[in-house]
Amino acid sequence: MANEESAPRAKLWGGRFSQPTNELVDRLNASLPFDRRLARQDISGSIAHARMLTRQGIIGEADGAAIESGLRTILGEVESGNYTFRIEDEDIHMSVERRLGELIGAPSGRLHTGRSRNDQIALDFRLWTRDAIVDIAGGVVNFIGAFLAVAEKYPDTILPGYTHLQRAQPVLLAHHFLAYVEMLFRDLDRLRDAYRRVNRSPLGAGALAGSTYPVDPQFVADLLGFDGLCVNSLDAVSDRDFVLDLLVACSQLMMHLSRLAEELVIWSTAEFGFLELADAFATGSSIMPQKKNPDVAELIRGKTGRVYGHLMGMLTTAKGLPLSYNKDLQEDKEGLFDTVDTVTLILQVLPPMLETATFRSERMLTAAGGGFSLATDIADHLVRTGLPFREAHEIVGRIVGYCVEQGKDFPDLTVDEWRSFSPVLADSPPPMTPREGIAARNMPGGTGDKSVAAARNVAQSELDRWIGWLDERQAAHDTVVARLEVEEPERDTIQAD
Ligand code: ARG
C-alpha cells in the first residue's frame, strides 16, 4: 500500500484483548488495501451522521463542529493524495476515525455513537455503487449514440442477415446496429432498476438491531440524497443484493458486448471482409508482419468471463450466510470494483472503435445477394398469387436444389427454367435482389428502409430520455455534494421535531 507505515498500534476495538493481533491475521482481516477506495463516501457518510447526532442533541455542538471540520480536513488529504493509509487500521472506517483522533483529539471518540461499521459499510458501499451505476449508464448512453451515428453514416448498406451463421435474408446494416441499441436500452433499464433499489439508506441499523439513541435516520438519508430508508435493521446490514443487481446488470451488458465483439472479430477476417478496424484500434503480431488483429474485440469477449466470475463469486459468498452481518460480506467489494473498472474501460474504447471502423458496403452487398437469400421472398411472391405457403416453400426448395445441382443462382435461371417450376414465376418475375428484399419489409420492427429510418428516430428520442435521466441524477449528486460542503447551520435555526 502507498504511504504505508507498519509500526504496530493498538486497535480501536482493543479493549477486551490482551494480545496484539497476529500479523497474518492483520493481513487476512484488513480490507483497507481495497476499501480505501471508499474514503470519500465514508467521510460524507460520517459528516451526515455527525450532523444528525448534533441536531438530535446526542453529541454537543462543539464536538459536532470539531468532528465535521476534522472530517473535512481528512477529505482534503485524501483528495490531494496526502492521506496515509495504514494496514493495521484494518479498514477505511477505522482509518478515518483514527486520523480524526490525531487531528481533533477527544471529540473524535463521539463520532461512532449510535453507529456500527456494519451500517457504515453498507452506507459507504451503497453510495459508491449508485455513482458507479450512473457512470456506467453514461458509458452505455454514449455507446448508443455512436451506434446511431454509424447507422446514419451507412443508411443503405445491406449485409446478409444470418441464422445459424448461415446466410438467411438480407438486412440493412443500420437495422443490425439498431438490434444492439435495443439490447443496450434494456441494459440501461436494468441499471436504473439497480439504482432504484440501491438508493436507500441503511444508516441507523447499527450493528444489527438499531440503536438506543434518539437517532434520525431519515435526516441522514435526506442529506445524502437517498430516496428512502432500509426498512429492517437486520436486512440493512446483511444483504448485498444491491451488489448483485449491478453485477447482474453488468454481466448482461457484457454478454451483449461480447456478442458484438464476436461479430467484429468475424467481420474483420479476410473470409468475411465486411469490416476494417482503424489502425489505432487494432494490434499487430510479433512474428507475422502482415497481421492486424482485433485484440480489442477479443478482450471484450474475454473479459466477459471475468465479469461473470465476479457475479458467481458474489452469489456464492452470499449464499448460506445466517443473519445478520458476517465478515464474509467484506468479500463483496473487489469483484464489484473490478467489474466496474472493466466495464467502464470497455465502454470508453468501444465508441471510437466503432466510429473509426470502415464498413465495406460493396462486399457486404455481394454477400447479401448470395446463398439464395431471396428464397423466402420468392416463396412469398408465390403466396401472393394464391398458393398456400407450404406449397410455395416446397417449390422454391426444389428450385434451390436445382440451382445447387447446376451451379447457378436465381438470377442465372432462364424464363423456361422458372416456368418448369411454376408458370407464375415465368409470367411475373420474383424479387431477386437484396434491395427488393429490404424494400418489401417496411413493417414495424422490419428491416425495410422506411422502418429502419423511423426506428432510428424512435431510438434517438429514447436516447434523449436517458440523457435526461442522467442529467437528473447528476444534478441530485451535485446537490448532495453542495449540501455537505455547507457548514451545518446554527442549532437554533433548525426547528425541533
Ligand atoms: N471491512 C468490513 C466490511 O467490508 C466493514 C464492516 C466490519 N464489521 C465488523 N463487524 N467487523 O465488511
Kindly evaluate S233 against the criterion of being buried (at least 20 other Cβ atoms within 10 Å of the Cβ) and within 29 Å of W469 (Cβ to Cβ). no
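Only one of P388, P411 is farther than 30 Å from R363 by Cβ and either of a type in the set (S, T, Y) or open to solvent by 30 Å² or more (accessible area, probe 1.4 Å) (or both). Can you tell me which? Can you show your working first?
Working: P411 fails: farther than 30 Å from R363 by Cβ.
Matching residue, one of P388, P411: P388.
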Scan the range 83-92 and give yes if some residue there is touching a residue at least 60 places away in the same chain (Cβ under 8 Å), among the acidic types (D, E), within 20 Å of G204 (Cα to Cα) and part of a helix (DSSP H, G or I), otherwise no. no
Being touching a helix residue (DSSP H, G or I) at 6+ places or on another chain (Cβ under 8 Å) and either part of a loop (DSSP other than H, G, I, E, B) or open to solvent by less than 60 Å² (accessible area, probe 1.4 Å) (or both) is the filter here, so list the residues in the range 293-302 that pass it. P294, V296, A297, I300
Members of the range 45-103 that are open to solvent by less than 30 Å² (accessible area, probe 1.4 Å), of a type in the set (D, E) and within 16 Å of the ligand (Cβ to nearest atom): E88, D89, E90, D91
Every residue from the range 148-171 that is surrounded by fewer than 16 Cβ atoms within 10 Å (Cβ to Cβ) and under 11 Å from R435 (Cα atoms): D156
Name the residue that is nearest to the ligand (Cβ to nearest atom), counting only residues in the range 197-218 that are open to solvent by 30 Å² or more (accessible area, probe 1.4 Å), among the polar types (S, T, N, Q) and closer than 16 Å to N118 by Cβ. S211
Only one residue in G370, G397 is in contact (Cβ under 8 Å) with a residue 24 or more places away in the chain and farther than 30 Å from T283 by Cβ. Which one? G370
Top-ranked residue in the range 114-134 [being open to solvent by 10 Å² or more (accessible area, probe 1.4 Å) and charged (D, E, K, R); ranked as nearest to the ligand (Cβ to nearest atom)]: R117
Has the range 449-457 got any residue that is closer than 30 Å to A132 by Cα and surrounded by fewer than 12 Cβ atoms within 10 Å (Cβ to Cβ)? yes
Six or more apart or on different chains, Cβ atoms under 8 Å: show the pairs whose first residue is in the range 26-43 and open to solvent by less than 30 Å² (accessible area, probe 1.4 Å) and away from the ligand (no atom under 11 Å from the Cβ) and whose second is modelled with pLDDT of 95 or more and not in a helix (DSSP H, G or I). A39/Y83
Do any residues in the range 295-324 that are farther than 19 Å from L354 by Cβ have Cβ atoms under 7 Å from those of residues that are open to solvent by 50 Å² or more (accessible area, probe 1.4 Å), where the two are at least six apart or on different chains, and which pairs are they? L311/V248; T317/D328; T317/E331; L321/D328; L323/L234; S324/L208; S324/L234
Do we have any residue at all in the range 113-126 that's under 23 Å from D332 (Cα atoms), out of contact with any Ser or Thr (no Cβ under 8 Å at 6 or more places or on another chain) and not in a helix (DSSP H, G or I)? yes
Among the residues of the range 298-322 satisfying the criterion of being hydrophobic (A, V, I, L, M, F, W, C) and either touching a strand residue (DSSP E or B) at 6+ places or on another chain (Cβ under 7 Å) or within 14 Å of the ligand (Cβ to nearest atom) (or both), which is nearest to A261 (Cα to Cα)? M314
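Check every one of the helices (runs of 4 or more DSSP H) wholly within the range 1-79 and list those with 2 or more residues that are modelled with pLDDT under 95 and farther than 21 Å from S211 by Cα.
Numbers: elements: 23-29, 32-35, 39-55, 61-79.
Per the criteria, 23-29.
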Of the residues in the range 238-292 that are in a loop (DSSP other than H, G, I, E, B) and among the charged types (D, E, K, R), the one that is least open to solvent (accessible area, probe 1.4 Å) is R240
Tell me which of these L350 doesn't satisfy, since it passes every other one: (1) open to solvent by less than 70 Å² (accessible area, probe 1.4 Å); (2) in contact with a strand residue (DSSP E or B) (Cβ under 9 Å, 6 or more places away or on another chain). (2)
Return a yes/no flag: does the range 147-156 have any residue that is touching a residue at least 60 places away in the same chain (Cβ under 8 Å), acidic (D, E) and assigned to a helix (DSSP H, G or I). yes
Quick check on the range 154-176. Is at least one of its residues within 22 Å of the chain's Cα centre (by Cα) and more than 16 Å from the ligand (Cβ to nearest atom)? yes
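Just to be sure I understand, how many residues within the range 435-480 are of a type in the set (D, E, K, R) and more than 30 Å from G370 (Cβ to Cβ)?
The number of residues fulfilling the criteria is 7.
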Have a look at E485, E417, E472 and point out the one that is more than 29 Å from the chain's Cα centre (by Cα) and open to solvent by 70 Å² or more (accessible area, probe 1.4 Å). E485
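The values are calculated or read from the model by the stated rules, or taken from the named source; none is laboratory data. In this text the structure is predicted, and so the values were computed from the model without any measurement. Counting neighbours? That spans all protein chains shown, and the Cβs are built from the backbone with ideal geometry, glycine included. The protein model used for the area step is the full one, side chains on, heavy atoms only, and it has no ligands, DNA or RNA in it. Shrake-Rupley method; radii C 1.70, N 1.55, O 1.52, S 1.80 Å.
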